[in-house]
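A.B. asks: Take this structure, written in structure tokens, and hold onto it; I'll ask about it next.
The values are calculated or read from the model by the stated rules, or taken from the named source; none is laboratory data. Computed from a prediction, not measured in an experiment: that's the story for all the values here. Methodologically, a virtual Cβ is constructed for each residue, glycine included, from the backbone with ideal geometry; neighbour enumeration extends over all protein chains shown. SASA here: full protein model, heavy atoms, side chains in, ligands and nucleic acids out. Shrake-Rupley method; radii C 1.70, N 1.55, O 1.52, S 1.80 Å.
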Amino acid sequence: LVGSEMCIRDRGIAVDFNKAMSERTRLQVTADAVAHAALYTRETKSTGEARQVGLDTVANMLPEYKFGSGALTNADITFGKWDPETQTFTANEGSRSAVKVSAQMVEERNNASRNILLRMIGFDTFNIGVDSIYTTYYPGCFTEGFISEQIVDIQSNNSFTDGFCIHSNTYVSLNQNNYFEPGTVVSMPNIDDLDIPSSGFKLNEGLGTALRQGEYRMRLLSKLPGIIDSFWRAEQDHLPPYIDQGNAYNIEFDQFPGLPLNEESPKKKSTMSLIPHHFVANAVNRLYCAGNSSITLEAGLYSSFLMITDCQVKFANGVVLEDVVIATTSEDISSVYSGQGLQLGRDDNCAEGGGVTLMTLGGFKAAASLSAFNAQILAMKDIEFAAKADGVVGASFISNGRIDGTSNMQMGFCQNRGMENAFRAPYFRMVK
């Protein structure tokens, strides 16, 4: 009898333990899938809707006849926050940044894993439980760097400081005499596709160390049309903090609501040009154009407003933008254009505030002397620019086309400081 029990035990361990491990694997895969689906949905939906989307995946993955009806329930999906330093999860129902999902086969839920052989010697079940934690994160390349779906083409004699990122989902092309400080990143799906001249590694100091292999989904650009569309209605979800929800104003070329009292109306250069006095502070400023019309912002300091338009937007020499968002639905390849001398953002050594975002469903072109200080450019077509030397400190240029940068640029890195109002889209990863 003892020998029979030992035989059953040994065979039971082999059969029932492997069965339990198989069930545990299925629980883990399901918990992972539910966590990802719930957190992805939570980005734009309520906790209830996010939980339901997660639970909708359970039925096909954990059939009731095998796993019972309580393996993963609504109460097993908990939203909260993940602390990467302490590796701890803290529940917070209002959070959109992390989720913890548990799945169990236990006696308390009447669905414990039933043994086949071990029950013959009095060991009826195994209790199985798993957890999965997903959290959001923001890749550093999207905070400061040049990110393009197509080619990123950078010419010669440029310097990139620690932390700055150049990424293409196609390949990166570099000329010569570029300097990459330790800590910079140059990435693409296949680093063998890097386009450099012969002796390119010798002529581009630090490039070899900076190279990385990888690819990004352009989540922010996929959301861009919807973000721009929401500006017409001054909806809260995407407004920067210096804009009041619902506060919208229609720009008229012959009216100057920002003009101080008792001052004469200023003169403009043309009927299709704007000056700082046209804009209402802390408001969405809307401008409608007919056909493919363009408007020009004349020289001056523009601050603390959001402009949404369907025009092509041009900047005269001497325009300075601070705490400004300008978005256009124009799909022209140069729907946002500067001949020279455009300053995006406040030159304040990465201090808080003063940043600028330009958004377009078309392309961006700055022909000469672009300065960018905590500046973001989001374009569905190409971004082409010639930067002013020592005139880029904190920049995020993201294109669904290609990015072309010229020579003699100094690309400074702000360690994410001063970019607090930049638009971002979360990415998702499993941390446990």
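A.B. asks: Per residue of the chain, what 222 nm ellipticity follows from adding -39500 (n - 2.57) for every DSSP H run with n ≥ 4, rounded to the nearest 500?
C.D. replies: -6000 deg cm²/dmol
A.B. asks: Report the extension gain between residue 150 and residue 28 in nm, rounded to one decimal, defined as 0.36 nm multiplied by the number of residues separating them, less their alpha carbon distance.
C.D. replies: Gain on extension, residue 150 to residue 28, equals 40.2 nm.
A.B. asks: With +1 assigned to the C-beta of every Lys and Arg and -1 to the C-beta of every Asp and Glu, and no other charges, what is the dipole magnitude of the chain about the Cα centre in debye, to the nearest 20?
C.D. replies: The dipole of the chain has a size of about 920 debye.
A.B. asks: Using the heavy atoms of the protein chains alone and a 1.4 angstrom probe, what is the accessible area of the chain per residue in square angstrom?
C.D. replies: Per-residue value: 46 Å².
A.B. asks: Name all residues of the range 45-77 having a backbone nitrogen under 13 Å from the label point set 7 Å from the Cα of residue 110 along its Cα→Cβ direction, giving them as ranges.
C.D. replies: Under cut-off, by backbone N: 68-71.
A.B. asks: Calculate the length of the line joining the C-alpha centroid of the range 318-338 to that of the range 270-285, in whole Å.
C.D. replies: Using only Cα atoms to place each centre, the spacing works out to 13 Å.
A.B. asks: Turning to a different aspect of this structure: Got a sec? Which residues in the range 125-148 would a label at residue 170 touch, if it sits 7 Å along Cα→Cβ and we count backbone N under 18 Å?
C.D. replies: So the set is 146-148.
A.B. asks: For residue 314, list long-range residues whose amide hydrogen, built 1.01 Å from N in the peptide plane, is under 5 Å from its own amide hydrogen.
C.D. replies: Hits under the 5 Å cutoff: 295, 296, 297, 337.
A.B. asks: Projecting each Cα onto the charge dipole of the range 50-191 (Lys/Arg +1, Asp/Glu -1 at the beta carbon, about the Cα centre), which of 168, 57, 79 comes out farthest on the positive side?
C.D. replies: 57
A.B. asks: Still on this model: Count the net charge of all other residues whose Cβ sits under 13 Å from the Cβ of residue 360, scoring Lys and Arg as +1 and Asp and Glu as -1. Kindly include the intermediate steps, with their values, before the conclusion.
C.D. replies: On the way: positive: 314, 365, 381; negative: 310, 331, 332, 382, 384.
Local net charge: -2.
A.B. asks: Separation of the range 407-432 and the range 39-100 by C-alpha centroid, Å?
C.D. replies: Going from one Cα centre to the other spans 28 Å.
A.B. asks: To the nearest 10 degrees, how steep is helix 2-42 against the longest Cα principal axis of the chain, on a 0 to 90 scale?
C.D. replies: 20
A.B. asks: Right, next: Residue-wise, which Karplus ³J(HN,Hα) couplings in Hz belong to the range 101-107, taking 6.51 cos²θ - 1.76 cosθ + 1.60, θ = phi - 60°, and x for glycine or proline?
C.D. replies: Values, residue by residue: 10, 10, 9, 9, 10, 9, 4 Hz.
A.B. asks: Going by average Cβ density within 10 Å per residue, which order do the peptides 310-323, 81-94, 407-420 take, highest to lowest?
C.D. replies: 310-323, 407-420, 81-94
A.B. asks: Please work out the ratio of the alpha-carbon Rg of the range 69-226 to 2.2 N^0.38 Å and round it to two decimals.
C.D. replies: Numbers: Rg = 24.9 Å, N = 158, 2.2 N^0.38 = 15.1 Å.
Its radius of gyration relative to the 2.2 N^0.38 Å reference: 1.65.
A.B. asks: Right, here's the next one. What ³J(HN,Hα) values, in whole Hz, does the Karplus curve 6.51 cos²θ - 1.76 cosθ + 1.60 give for the range 198-209 when θ = phi - 60°, with x put for Gly and Pro?
C.D. replies: So the J values, rounded to whole Hz, are 4, 6, x, 6, 5, 8, 10, 4, x, 5, x, 6.
A.B. asks: I'd like the orientation of helix 219-231 relative to the chain: the angle between its Cα long axis and the longest Cα principal axis, in ° from 0 to 90, rounded to 10.
C.D. replies: 60
A.B. asks: Still on this model: So who's got an amide H within less than 5 Å of the one on residue 125, skipping anything under 5 residues away but keeping other chains? H placed 1.01 Å off N, in plane.
C.D. replies: 115
A.B. asks: Once Lys and Arg get +1 and Asp and Glu get -1 on their Cβ, which of 209, 102, 155 lies farthest toward the positive end of the dipole of the range 83-213?
C.D. replies: 102
A.B. asks: Separate question: Give, to the nearest whole percent, the P(r) tail of the range 17-131 beyond 25 angstrom, counting all Cα pairs.
C.D. replies: Of the Cα pairs, 28 percent sit more than 25 Å apart.
A.B. asks: A follow-up question, please. Using each residue's phi in the range 249-262, evaluate 6.51 cos²θ - 1.76 cosθ + 1.60 at θ = phi - 60° and report the 3J(HN,Hα) Karplus result to the nearest Hz, with x for Gly and Pro.
C.D. replies: Computed from phi, the couplings for the range 249-262 are 9, 8, 6, 10, 5, 9, 10, 10, x, x, 7, x, 4, 6 Hz.
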